[in-house]
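K.L.:
One structure follows; several queries about it will come next.
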Amino acid sequence: MTESVTERPFVHFDGVQKSYDGETLVVKNLNLEIAPGEFVTMLGPSGSGKTTCLMMLAGFEAATHGEIYLKGQPINNVPPHKRNIGMVFQNYALFPHMTVAENLAFPLQVRRMRRRDVKDKVARALGMVQMDDFGNRKPAQLSGGQQQRVALARALVFEPELVLMDEPLGALDKQLREHMQYEIKHIHEQLGVTVVYVTHDQSEALTMSDRIAVFDDGVIQQLAPPADLYERPDNAFVAQFIGENNRLPGKVTAIENGVARVALDQGPDVLALAVNCGEVGNRTVLSIRPERVQVNNVTGSNRLDGHVRELIYLGDHIRCRMQVCGRDDFIVKVPNSPEHAMLREGETCTVGWETDDCRALDLAPGAM
Amino acid sequence: MTDATATHGPDGLLLASDGTPLKTKLRQSMKASRRRAFGLVLPLLLFVLASFVIPIIMLLWTGVSNDTYASNMPRSAPLLRAWDGASQPTEEMAEAMVLDLIDARKAKTIGKVASRVNREQSGTRSLYTKSARRAAKMEAPFIDALVKADKDWADPETWRATKIAATSLTPAYYAAALDYKYTADGEFVEQSEERQIHVKLFWKTIWVSGAVMLFCLLLGYPVAYLLSHLPAKKANLLMILVLLPFWTSLLVRTTAWIAMLQSQGVLNDIFVWIGITGDEQRFSLIYNLTGTLIAMTHILLPFMILPIYSVMRAIPPSHVRAAKSLGATNWTAFWRVYFPATIPGIGAGGLLVFILSIGYYITPALVGGQDGQLISNFIAYHMQKSLNWSLAAALGGILLAIVLVLYWLYDRIVGIDNMKLG
Amino acid sequence: MTLKTLIGAASVLAMTTGFAFADAHSEGKMDAKKALMDAKAAIEKAMAALGGGTMMGGASYEFPDLDGDQVTVVSWGGAYTKSQVEAYHKPFISGTGAKVVSEDYNGGLAEIKAQVEAGNVTWDIVDVELSDAVRACDEGLAEEIDMSALPDGADGTSAADDFIAGTLDVPCAVPTIVWSTIFAYDKDKMKNGPKTIADFFDTKGFPGKRGLRKSPKANLEMALMADGVAADEVYDVLSTDEGVDRAFAKLDSIKDDVVWWEAGAQPPQLLADGEVAITTAYNGRIFNAVAAEDKPFEIVWDGQVWDLDLWIIPKGAKNKDAAMEFLKFSTSTQALADQASWISYGPTRKSSAPLVASYNSKPDLKMGPQMPTAPQNFKNALQNDFEFWADNQDELNERFNAWLAN
């Protein structure tokens, strides 16, 4: 994380707080540094404060407390139109009374660019999003995906160094969304602009980002590259929010060399990485990814009995719901390959996992 | 189409499974639903037909047709129509006239006939009623008998005026509505200057309507903007204030205007108190054009605010944000992005206010004084006071034409699809 | 200002919109114009006796039993209708047991015409101006009335002789009052007020706004009288183009100072509010403001233009018989005299004149001198010539409207 912010941060949130009503904080003490050229995604459920952060960065909301720096300059008092930040909105916000070309020319015209340059730049921007032939259409005559490309081109055409995107793909269908994810990623790589991207879709975030800031309750729960976020969640919220995980409640009985011994509520003692479980005697939740659970030929140090409740055939793998330690929402993903166990409903088997794959985390609010 | 169940008939038409062409089949299946749809709108259709379309057609018809003379004086009317208007009136015409006068007096229609002819030439009313009283005793030669009863019968102008009145289908009223006079020779002559009024009034009506529309826009636009950006609770309160004039009876409203605007009224008292004007030079704010403008702007304001408001509400805030993020100043964002998006509302509100103004009549009648009267006041005057319905109809027909032309212009310039009533 | 103005304005409005008095244009024609012209002389004679006479016996009208019947009486509203309710309706109700429904209207024949033509006549008896009475009769909108059925005068003279000569000659209408267009000013605000009709047009000598009715009627006549035309020559002059030009030229001289009124209730209000310094008005309205509201208004009778109001029964009225009874009673000597004690419109029966005493709530206020026809008021008076207006109103209205708009 820190290695990407060796130089002066491009964007810097410094202790930023935001409240709309003076009673509750929507954003609580936000500190975030973004390096030039980085693609950072703010990921979180709705109401977690991620969009508010984006709006403060764009200048449409004022920070109640704290300061935001852009290239080292405080920008709290800089009006939005002077921040030179490109922005793609959730519903594209294309101007319906202007053609595509006029939409693209708008930011150049307000910068009093010469007409010839405007034309060139608009043409180039249209080419970049493969919309060369659509310059004379009105936004209403375009499909959702095409509008999305135009919105993207418009946010980039005046060559901002920072581009903000507020759930830009939310209105597209799944296939188009995945396609656009790659396209945005490629454009980002090609242009080298810094992107701050807001979404509530974890797979989108994982696909595109250099780093992801997981928001909940106005706080960044974890800021990490996608792989870290998935493999090594810092707390129960992140573990739960990013991907699937099985959770087993218990109590820490000992901690030794970063490994905790946890007495499960309805089962034996198991070992887990002591990530965020506090001291001995605390209650904790163990988090195990379903694909890391071993069935029958268990090599890991932890072994338990599982009763197969339900099997769902998903082609590349079989999804198996089991009862483990009294909880019957324990999910195991069994790869569909000859060397893996064939399970039957109602059967009892042995499940287990490596200690490294099991993380002892905090009790996420409402998790139990 | 490669669907195996569809077959093609000899002429290449698609056939349904029972052999009838698919199009016929579709029509049959649509018929029932179309009949039901028609049944649903039928009551409204009849209502609109009876209360709107037919009256308008009758209005336009009344504007060119007046058979008061022809139907009550059946003998003389065809003779007069056939008469060239230049030669001496014949004995045959005189005899028909006398017989008609006798009948009309018996039938008590002489008053109507006399009023009709009197519109063409002042003074003929008494000529007709007087002659009708004496007609029963007249003897041939009737032309002399008439002249003996009143020497005006010797004046060819009397007969020429009657000839115009005897023509049932006539452009005379439309001519009069445009300050022209239709003569017995079938020519249009400009009305003498001191009697020209209608064209001037039409222009004035258009001008006043335009001014009211502009004032409504200037006052209403910011209010609509505020309304659409306030939280719902406050917006509702403000909306009630906006709609208040709607819910106030005409009487109360006009009373309030009088109390506010008259020269000894609240507004003038305030002006004097602040020192804007002296006690002797109070402003005339009511019973003149100013009063009409103020009152009409007040009452029509909601018609401007509501469509603009509903359009503004539908504009996503992200548009202005987008404009700003693209580098536009507040003004540029408003003028190039927000304002164009509100044009449908402005168009709807403007057209609504303009068309309502053009036909407005009670308010100018109450607070307009003499120079605040509009063409509709004259239509009402001819309907209610002078009972010259044909002229009223002709004026109304022209007003209708003006509105249609404006509508057409609006469609050409702004596009009627661009109108949003909310 | 404030509350008083507001209430005043409200009352004006109520009048303007609902029930204005005498707001119609005379159109029409009757069989006996000449006879009517003699009426002035007859009235002068009758009025000489007014105020000086002694009370005679009771009315010669006998109430029939009309229990269960109903009459809808339509008039102009305001103080005028009140005078009729007091003098006609109340005694009639208690005498006959019939129900009387009072309705207000704005004058003109439009509504009567609509009712007659639709065959659904809901008005039984209507108070109209002379010109409308004549026209209603000409066009068959009113029932003919058997004049011999009218009760004798209280002094025993037959109705035909008792009514002011010529006023009974419209075969469909029976006259009730003589009213007049006069001008008035506020004597608190103008100590040395105008005396003659010429003063009305003298805005230098008597500065301030003028109130005039928004109609050429009476205005053109007054303009000519102010310009030096004798009353009995007014209509001759007005019959020529030069005369019309002359009248308009006179009106032109004060045009910028004119506030135009339309309803009878407006002029007293305009005076009270100080909106105008001098205004023309119907004499009864000014009288009412003085007598009932103690306003310091002064009437100038010089150059007054007087006219008649009459009852007509619309053709096909549902309660024609009861309406006829109402008509007979209300035009009896005593009823006409009683009516005149509520408002200063003169009775049309000679025999009523001696019975007119004083204002109903003020015994000191003798009604005689308040009447348009009182000798001292009648010196320079002009009768509205409905026939002139019937012949020329289209043209003069048009020109008047054009003149106003320019």
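K.L.:
Please report the projected area of segment B:7-62's Cα convex hull averaged over all directions, in nm². List each step's numbers first, then the result.
P.N.:
Working: hull surface 24.9 nm².
The directionally averaged projection comes out at 6.2 nm².
K.L.:
Rounded to the nearest 20 debye, what is the charge dipole size of chain A about its Cα centre when +1 sits on each Lys and Arg Cβ and -1 on each Asp and Glu Cβ?
P.N.:
So the dipole magnitude of chain A works out to roughly 1400 debye.
K.L.:
Could I ask something else about it? Round to the nearest 10 and give me the degree value, 0 to 90, for the angle of helix C:241-252's Cα axis relative to the longest principal axis of chain C.
P.N.:
So the helix axis and the longest Cα principal axis differ by about 70 degrees.
K.L.:
At 7 Å along Cα-to-Cβ for each site, give me the label-to-label distance between A:Leu176 and B:Val147 in nm.
P.N.:
9.4 nm
K.L.:
Using Cα springs under 10 Å in a Gaussian network model of chain B, which residue among B:Leu293, B:Leu399, B:Leu49 shows the largest mean-square fluctuation?
P.N.:
Fluctuation is largest for B:Leu49.
K.L.:
Against the longest principal axis of chain B, how steep is helix B:389-413, in degrees 0 to 90 to the nearest 10, with axes from Cα atoms?
P.N.:
30 degrees
K.L.:
Right, another one. Between A:Gln294 and residues 5 or more places away or on another chain, which pairs have amide H atoms under 5 Å apart, with H built 1.01 Å from N, and which residues are they?
P.N.:
Long-range HN contacts for A:Gln294: A:Gly352, A:Trp353.
K.L.:
Could you go through segment C:163-168 in sequence order and give the Karplus-derived ³J(HN,Hα) for each residue, using 6.51 cos²θ - 1.76 cosθ + 1.60 with θ = phi - 60°, rounded to whole Hz, and x for Gly and Pro?
P.N.:
5, 3, 3, x, 6, 8
K.L.:
Taking every pair of Cα atoms in chain B, average 1/r, invert it to obtain the Kirkwood radius, and report Rg/Rh to two decimals.
P.N.:
Values: Rg = 31.4 Å, Rh = 27.3 Å.
Using only Cα positions, Rg/Rh for chain B is 1.15.
K.L.:
Follow-up. With axes computed from alpha carbons, what is the tilt in degrees of helix B:232-247 against the longest principal axis of chain B, rounded to the nearest 10 within 0 to 90?
P.N.:
With both axes taken from Cα atoms, the answer is about 0 degrees.
K.L.:
May I ask you to order B:221-233, B:247-259 by the average number of other C-beta atoms within 10 Å around their residues, highest value first?
P.N.:
B:247-259, B:221-233
K.L.:
Next up: From the Cα gyration tensor of segment B:198-418, with a ≥ b ≥ c the square roots of its eigenvalues, which class applies: rounded if a/c is under 1.5, or else prolate if a/b is larger than b/c, or else oblate?
P.N.:
On the way: a/c = 2.24, a/b = 1.32, b/c = 1.70.
Verdict is oblate for segment B:198-418.
K.L.:
Moving to a separate point now. Is there a simple number for the mean count of other chain Cβ atoms within 10 Å of the Cβ of residues in B:337-345, and what is it? Let's see the in-between values first.
P.N.:
Numbers: counts 6, 1, 1, 4, 3, 0, 1, 1, 0.
That works out to 2 on average.
K.L.:
Further question on the same structure: So if we plug the beta-carbon distance of C:Ser239 and B:Asn330 into 1/(1 + (r/R0)^6) with R0 = 51 Å, what FRET efficiency do we get, rounded to 0.05?
P.N.:
0.10
K.L.:
Please express the Cα-Cα pair-distance distribution P(r) of the protein assembly as shown as a list of whole percents, one per 10 Å bin, running from 0 to the bin with the greatest distance.
P.N.:
2, 7, 12, 14, 12, 11, 8, 8, 8, 7, 6, 4, 2, 0, 0
K.L.:
I'd like the antiparallel share, as a percent to the nearest 5, of DSSP beta bridges with both residues in chain A.
P.N.:
Taking every DSSP beta bridge with both residues in chain A, the antiparallel ones total about 75 percent.
K.L.:
Out of the DSSP beta bridges found with both residues in chain C, what percent are antiparallel (nearest 5)?
P.N.:
60 percent
K.L.:
OK, next. Using a 1.4 Å probe on the protein chains only, how many percent of the accessible area of chain B belongs to carbon and sulfur?
P.N.:
Result for chain B: 66 percent of the exposed heavy-atom area is carbon or sulfur.
K.L.:
Under 10 Å, Cα contacts only: if you run a Gaussian network model on chain C, which one of C:Lys189, C:Lys204, C:Lys328 comes out with the highest mean-square fluctuation?
P.N.:
Among C:Lys189, C:Lys204, C:Lys328, the largest mean-square fluctuation in the Gaussian network model of chain C belongs to C:Lys204.
K.L.:
For q = 0.11, 0.12 Å⁻¹, what log10 I(q)/I(0) does chain A give under the Debye formula with an equal point scatterer on each alpha carbon and no solvent?
P.N.:
-0.85, -0.95
K.L.:
Still on this model: Under the definition of Cα pairs under 8 Å and six or more residues apart, what whole-number percent is the relative contact order of chain B?
P.N.:
It rounds to 16 percent for chain B.
K.L.:
Provide the net charge surrounding A:Asp166, with neighbours chosen by a C-beta distance below 12 Å and charges set as Lys +1, Arg +1, Asp -1, Glu -1.
P.N.:
Neighbour charge sum, excluding A:Asp166 itself: +1.
K.L.:
What order do you get for C:381-393, A:12-24 when each peptide is scored by the mean count of other beta carbon atoms within 10 Å, highest first?
P.N.:
Order by mean packing, descending: C:381-393, A:12-24.
K.L.:
For segment A:223-239, what does the Karplus curve 6.51 cos²θ - 1.76 cosθ + 1.60, with θ = phi - 60°, yield as ³J(HN,Hα) per residue in whole Hz, taken in order and with x for Gly and Pro?
P.N.:
10, 7, x, x, 4, 4, 4, 7, 6, 10, x, 7, 8, 4, 4, 5, 4
K.L.:
Given Cα pairs under 8 Å that are at least 6 residues apart, what percent is the relative contact order of chain A?
P.N.:
After rounding, I find 15 percent.
K.L.:
Follow-up. For C:Val101, what charge total do you get from the other residues with a beta carbon under 12 Å from its beta carbon, if Lys and Arg give +1 and Asp and Glu give -1?
P.N.:
The answer is -2.
K.L.:
Quick one, can you get me the convex hull of the C-alpha atoms of segment B:45-87 expressed as volume per residue in Å³? If you can, show how the numbers build up before the last one.
P.N.:
Values: hull volume 3.9 nm³, N = 43.
Per-residue hull volume (Cα only) is 90 Å³.
K.L.:
Using a 10 Å cut-off on Cβ to Cβ distances, tally the other chain neighbours for every residue of B:312-319 and report the average as a whole number.
P.N.:
Averaged over the peptide's residues, the number is 3.
K.L.:
Apply the Karplus parameterisation 6.51 cos²θ - 1.76 cosθ + 1.60, with θ equal to phi minus 60°, to every residue of segment B:343-354 and state each ³J(HN,Hα) to the nearest whole Hz, in sequence, with x for glycine and proline.
P.N.:
Each residue of segment B:343-354 in turn: 4, x, x, 4, x, 5, x, x, 5, 4, 5, 5 Hz.
K.L.:
Under 10 Å, Cα contacts only: if you run a Gaussian network model on chain C, which one of C:Ser352, C:Ser131, C:Ser361 comes out with the highest mean-square fluctuation?
P.N.:
Result: C:Ser361 has the largest fluctuation of those listed.
K.L.:
Once amide H atoms are built 1.01 Å from N in the peptide plane, which residues 5 or more positions from A:Thr284, or in another chain, come under 5 Å H to H?
P.N.:
Residues meeting the criterion, in which the H sits 1.01 Å from N, are A:Gly250, A:Lys251, A:Val252.
K.L.:
In addition: Quote to one decimal, in nm, the extra length available between B:Ser71 and B:Leu214 on full extension: 0.36 nm per residue of separation minus the C-alpha distance between them.
P.N.:
Residue separation times 0.36 nm, minus the Cα-Cα distance, leaves 46.6 nm.
K.L.:
Strictly over 22 Å apart at the Cα level, which of B:Lys200/C:Lys214; C:Lys82/C:Lys328; C:Lys82/C:Lys187; C:Lys82/C:Lys362; C:Lys189/C:Lys379; C:Lys195/C:Lys379 would you flag in this model?
P.N.:
Listed pairs above 22 Å: C:Lys82/C:Lys187; C:Lys189/C:Lys379.
K.L.:
Set the bar at 25 Å for Cα to Cα. Now go through B:Lys130/C:Lys350; C:Lys204/C:Lys366; B:Lys204/C:Lys255; B:Lys181/B:Lys204; B:Lys130/C:Lys315 and name every pair that lies beyond it.
P.N.:
B:Lys130/C:Lys350; C:Lys204/C:Lys366
K.L.:
Also, quick follow-up: Report, ordered by chain and residue number, the lysines lying within cross-link reach of A:Lys138, taken as a straight Cα distance under 30 Å and ignoring same-chain residues fewer than 8 apart.
P.N.:
Candidates past the 8-residue exclusion: A:Lys82, A:Lys119, A:Lys121, A:Lys174, A:Lys185, B:Lys324, B:Lys420.
K.L.:
Report the calculated FRET efficiency for A:Glu231 and A:Ala140 (r = Cβ-Cβ distance, R0 = 45 Å), to the nearest 0.05.
P.N.:
Values: r = 45 Å, r/R0 = 1.00.
For A:Glu231 and A:Ala140, the calculated efficiency is 0.50.
K.L.:
Which FRET efficiency value, to the nearest 0.05, do you get for A:Arg111 and A:Ala62 by plugging their Cβ-Cβ distance into 1/(1 + (r/R0)^6) with R0 = 25 Å?
P.N.:
0.50
K.L.:
Amide H neighbours of B:Tyr180 under 5 Å, at least 5 residues apart or on other chains, H built in the peptide plane: list them.
P.N.:
Under 5 Å from the amide H of B:Tyr180 lie the amide H atoms of B:Gln191, each far enough along the sequence or on another chain.
K.L.:
Let me ask you something else. Please report the relative contact order for segment B:198-418, taking Cα pairs under 8 Å with a sequence separation of at least 6, and give it as a percent rounded to a whole number.
P.N.:
Reported as a whole number, the value is 26 percent.
K.L.:
At 222 nm, what helix-only mean residue ellipticity would the protein assembly as shown give, in deg cm²/dmol to the nearest 500, using -39500 (n - 2.57) for each DSSP H run of four or more? Each step should come with its number before you reach the end.
P.N.:
Working: 45 runs with 516 residues, N = 1196.
Calculated mean residue ellipticity at 222 nm is -13000 deg cm²/dmol.
The values are calculated or read from the model by the stated rules, or taken from the named source; none is laboratory data. None of these values were measured; they are calculated from a predicted model. Every residue, glycine as well, gets a Cβ built from its backbone with ideal geometry; the counts of neighbours run over all protein chains shown. These accessible areas exclude ligands, DNA and RNA; they are computed on the full protein's heavy atoms, side chains included. Shrake-Rupley method; radii C 1.70, N 1.55, O 1.52, S 1.80 Å.
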